[in-house]
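Values in this text are rule-based calculations from the coordinates and carry no lab data. Since the structure is predicted, the reported quantities are computational estimates derived from the model, not experimental observations. Positions of Cβ are generated from backbone atoms using ideal geometry, with glycine treated the same way; all protein chains shown enter the neighbour counts.
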Amino acid sequence: MNLTRNIFFALVLALSLTGLSMAETGPIDINTASAEQLAEALNGVGEARAEAIVSYREENGDFEHVDELVNVRGIGLQTVDRNRDSITLESQRDTQ
């Protein structure tokens, strides 16, 4: 029974990890992505937090550094760290 349970959990874990992989789409630009794109691409960011990111960006301008995401209500440093490798600021680099 333990073996069956362990196999089941291993399969669930493997399937969930493949859904979180950014290898297929690459990093997401938080300065240009829509709320829907952000919610889909970032781990721990649902529709409401993604909307908050877009609203913050519209009110304050482009993010200059990934760590500025902690200024968005509902986004903490742990969420930023978890997604750091999945985030880019391409549009900011283009303007410098």
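When the stretch 61-79 is filtered for residues that are free of Cβ contacts under 8 Å to residues at least 24 places away in the same chain and surrounded by 12 or more Cβ atoms within 10 Å (Cβ to Cβ), the ones remaining, listed by number, are 67, 68, 70, 72, 76. In the stretch 57-94, the qualifying residues are those that are of a type in the set (Ser, Thr, Tyr) and within 16 Å of residue 29 (Cβ to Cβ), and the one that is farthest from the chain's Cα centre (by Cα) is 91. Residues that are closer than 18 Å to residue 78 by Cα, over 11 Å from the mean Cα position of the chain (by Cα) and touching a residue at least 24 places away in the same chain (Cβ under 8 Å) within the stretch 24-56 comprise just one, 48. Only one of the numbered conditions (1) exposed (fewer than 12 other Cβ atoms within 10 Å of the Cβ); (2) in a helix (DSSP H, G or I) is violated by residue 53, and that is (1).
If I filter the stretch 26-46 down to residues being more than 17 Å from residue 82 (Cβ to Cβ) and of a type in the set (S, T, N, Q), which single residue comes out as surrounded by the fewest Cβ atoms within 10 Å (Cβ to Cβ)? That would be 34. Among all positions in the stretch 72-89, there is at least one residue which is in contact with a strand residue (DSSP E or B) (Cβ under 9 Å, 6 or more places away or on another chain) and of a type in the set (Ser, Thr, Tyr).
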